[in-house]
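Every number here is computed from the coordinates shown, using simple stated rules; none is lab data. Keep in mind the model is a prediction, meaning the values are calculated, not measured. Cβ atoms come from the backbone with ideal geometry, glycine included; neighbour counts cover every protein chain shown.
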Amino acid sequence: MPALIFDLDGTLVDTVYAHVFSWQRALADHGMDIPGWRIHRRIGMSGGLFTRAVGRELGHDLSEAQAEELQGRHDRLFRELLPPAARRPLPGAKGLLAELRQKGVTHGIATSGRRPGIDPSLASLEVPDEMVVVQRGDVARAKPEPDLFIECARRLGADPEICFVVGDAVWDLLAARRAGMLSIGLLSGGYGADELYRAGAYLVYRDAAELRESLDELGL
C-alpha cells in the first residue's frame, strides 16, 4: 500500500500568507522592499535558503549573520500576526489525517519549518505524539533538496518508490522528484494547477478535503 508524506504550511494548515506578510515586513525593516507575490514564490524553502535567494534577487549579498537576523525577525512577526491559538487547519486536513489513521495507512509530515515554531500547527491538526514528523533541524538540506522526504520515508519504513508526497508549492514537488517519489499538488497554498503540473505533480486537487474524497485514485 502506498505511503503518504505531507508538507505542512499551505497543505495542512492555513499559514502561507502569514509567512508572506511576515517576510515582507522583515525584509522591509532591513531596507529590502519586495512585492508580496515574489515572496510567495519562495515560500516552502527553508528560511536560510529563502533569505539568500531573495537577497540575490535584490542584488544584496547577505552574510550568514544577516540571514539569521532576518529569519529571527520573520519568526517574531509571524508569531505576532498568527499566534498559536489562531493556527487553523485547511479544509479537510484534520479529517483526512484521522481517516488515514483509522485505515492504517502509513503517513507522516515533512516540513521546512522548525520546532518549536511548528508545534501549534501540529496541535491544531490534533496529530498524535507518535506520528512521524520530520522538521528542518532533522536534515542537512531543505527543499528543493530531497532530504526531508527521504528521511520521512526512512522513519516510516517505506520504500520511496511507493511514497506519494502531498504539497502545495513547486518546491515540494521538485524535492519529491529528486527523492524518486510521486507527488500530489494541492491548490490551497496559492499556486496554480498548471504550475504544480509543470513541477511534476501526478495529480492536483483543490485541497485536503478533495484529496480525502479521492483516495481511491491513489489506490487507498
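Test of understanding: ordering Asp159, Asp7, Asp119 by Cβ neighbours within 10 Å, fewest first, what list do you get? Provide the component values of the computation, followed by the final result.
Working: Asp159 12, Asp7 30, Asp119 15.
Ranked by crowding around the Cβ, least crowded first: Asp159, Asp119, Asp7.
Entry note, the chain: relative contact order of 27 percent, from Cα contacts under 8 Å with a spacing of 6+ residues.
What translational D, rounded to a whole number of µm²/s, comes out for region 164-220 from Stokes-Einstein when the hydrodynamic radius is the Kirkwood one over Cα pairs, at 37 °C and 0.692 mPa s?
On the way: Rh = 10.9 Å.
D, rounded to a whole number, is 301 µm²/s.
Within region 16-84, the proportion of C-alpha pairs whose separation exceeds 14 Å stands at 52%. Can you tell which of Asp172, Asp207, Asp33 shows the greatest fluctuation in a Gaussian network model of the chain with Cα springs below 10 Å? Highest fluctuation of the listed residues: Asp33. Using Cβ point charges alone (K and R +1, D and E -1), the dipole size of region 16-84 about the Cα centre works out to roughly 260 debye. Along region 128-133 the Karplus relation, 6.51 cos²θ - 1.76 cosθ + 1.60 evaluated at θ = phi - 60°, assigns HN-Hα couplings of x, 4, 7, 5, 6, 10 Hz to successive residues, with x for each Gly and Pro.
Shown here are the Rg and Dmax of the Cα trace of the chain, at 16.6, 51 Å. Based on DSSP H segments of at least four residues, each scored -39500 (n - 2.57), the chain has a per-residue ellipticity at 222 nm of -13000 deg cm²/dmol. Based on the Kirkwood approach, the hydrodynamic radius assigned to region 55-163 is 16.0 Å, with every pair of different Cα atoms included. Protection proxy ranking of 180-187, 104-111, by the mean of other Cβ atoms within 10 Å over each peptide's residues and highest first, is 180-187, 104-111.
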